[in-house]
């Protein structure tokens, strides 16, 4: 994983970092509140060894330098601590006193620093005072061959202290909170990066191509407009989402296996990957290029197209397959010129058995005589078999993969389902891509807009395209071609437009 991926993982997991930072601060505060305050008293000695007969001052200093480290260790010596406690009357045992006393020596300055740290400030000062009074005589008594009143004995002169401490030296609130915050942020970053490393979902076009071995037909960007088909109906030459649909159409048209291609199934490995949006964009792009196109909803379990496109009728494919209605009664016009829709219809009791009946190929054959392009919005491949079944009945399959949605294993399983029924897989459309991976990022914003304008169909070439400002039902753009419902309600007609024109006649040849 590159550095940019790590940074993006941290940015995506910002809330994890924030929560861990707050937890770290809280934990540090709790620990700090429960810590017992500690007070310190410090006393400093200057170690002086007077020269003896025949010894220079320099030699005397060297002797002091050699002894000062020993004196620092003697401060915590058992014999001295016992004597200290006996003479001072401090209510501590030997172990507590040794833990409370620390000493350090400086060979350059000949200073010996003794620090006493205790929970009680007065007791710390009393202990330091006792050390200042007794340590010098005790050292001289321990030195072999010397007497306390010897003129040449080592002198430990108190140069500072014992210092009284009114404020505790521990806990250090600011330091503890800073460490808690730092540890919390580090933990949050670790969790965010760990989640990314453990996430094996497909993210980049290169990963999808490597996982499928199929060509990448389109990069559909993540956009709010793609969440509702009704918002995609109008002509939007500068829309990057529509441009992705045109790219999908162009690549499908130019595939070698797409010769004599009339029907395409759009499906995905799992639900929620945007197959309906991709199917609509492909159908709209073909209608934009002059084809007569039918968007066929084959998801009989969760009909959505009729509602999202604002179609007048809820009847559809299931009603035709069950023999309740003829095709002419269920096909409806959309607000986009050249694009018709056939919804899923009434939800049947056994959708798979209905799609697998002998009527389905017959209905598709009848539709191929009417339309030059049929786009089938099928169910996902897992756990249902409907999508693979429709893929086998059409001339090709476009597989939609949503960014960061599925893993390599799940996608491979879906492809195996299609190949098991001898479906012709045309390629993959990668959906919901962020800007850095979408087509706009690869080509550049201004250039993409020019490409949009260049590929936009001239309104003069399309019959009945509405004048600016014309509105139809539910506020959508509607031209004079916009149909009416058979029951007289406003909306799309299944068989006629306002002038009485019939649906496209059967294609010949």
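Residue under question is residue 339, and the condition is that it be assigned by TED's automatic domain parsing to the domain that holds residue 281, at pLDDT 90 or above and touching a strand residue (DSSP E or B) at 6+ places or on another chain (Cβ under 9 Å); does it hold?
For residue 339, the condition - assigned by TED's automatic domain parsing to the domain that holds residue 281, at pLDDT 90 or above and touching a strand residue (DSSP E or B) at 6+ places or on another chain (Cβ under 9 Å) - is met.
Could you run through region 307-324 and say how many residues are within 18 Å of residue 364 (Cα to Cα), touching a helix residue (DSSP H, G or I) at 6+ places or on another chain (Cβ under 7 Å) and either surrounded by fewer than 17 Cβ atoms within 10 Å (Cβ to Cβ) or not assigned by TED's automatic domain parsing to the domain that holds residue 362 (or both)?
Looking only at that region, the number is 1.
Hey, which of the helices (runs of 4 or more DSSP H) in region 381-473, taking only ones fully inside, have at least 2 residues that are modelled with pLDDT of 65 or more?
The qualifying helices (runs of 4 or more DSSP H) are 386-393, 408-420.
Have a look at 234, 290, 272 and point out the one that is at positive phi and at pLDDT below 90.
None of the others qualify; the one that does is 272.
I want to confirm something. Restricting to region 150-168 and keeping residues that are farther than 15 Å from residue 48 by Cα and assigned to a loop (DSSP other than H, G, I, E, B), which single residue is modelled with the lowest pLDDT?
Filtering region 150-168 for residues that are farther than 15 Å from residue 48 by Cα and assigned to a loop (DSSP other than H, G, I, E, B), the one modelled with the lowest pLDDT comes out as 165.
Given the conditions (1) modelled with pLDDT under 85; (2) in contact with a strand residue (DSSP E or B) (Cβ under 9 Å, 6 or more places away or on another chain); (3) surrounded by fewer than 17 Cβ atoms within 10 Å (Cβ to Cβ); (4) within 20 Å of residue 267 (Cα to Cα), and given that residue 215 satisfies all but one, which numbered condition is not satisfied?
(1)
Read through the list (1) within 26 Å of residue 215 (Cβ to Cβ); (2) at pLDDT below 95; (3) surrounded by 18 or more Cβ atoms within 10 Å (Cβ to Cβ), then give the number of the only condition that residue 257 fails.
Condition (3) is where residue 257 drops out.
So, in region 298-316, of the ones that are out of contact with any strand residue (DSSP E or B) (no Cβ under 6 Å at 6 or more places or on another chain) and in a helix (DSSP H, G or I), which residue ends up nearest to residue 356 (Cα to Cα)?
Only one residue tops the list, namely 306.
Could you please let me know if residue 263 is buried (at least 17 other Cβ atoms within 10 Å of the Cβ) and either over 16 Å from residue 397 (Cβ atoms) or at pLDDT below 90 (or both)?
Taking the combined requirement at face value, the residue does not satisfy it.
Considering only region 98-129, how many residues are touching a strand residue (DSSP E or B) at 6+ places or on another chain (Cβ under 9 Å) and assigned to a helix (DSSP H, G or I)?
11
The values are calculated or read from the model by the stated rules, or taken from the named source; none is laboratory data. Please read these numbers as outputs of a predicted model, since none were measured by experiment. All Cβ positions, even for glycine, are placed from backbone atoms using ideal geometry, and neighbour counts span all protein chains on display.
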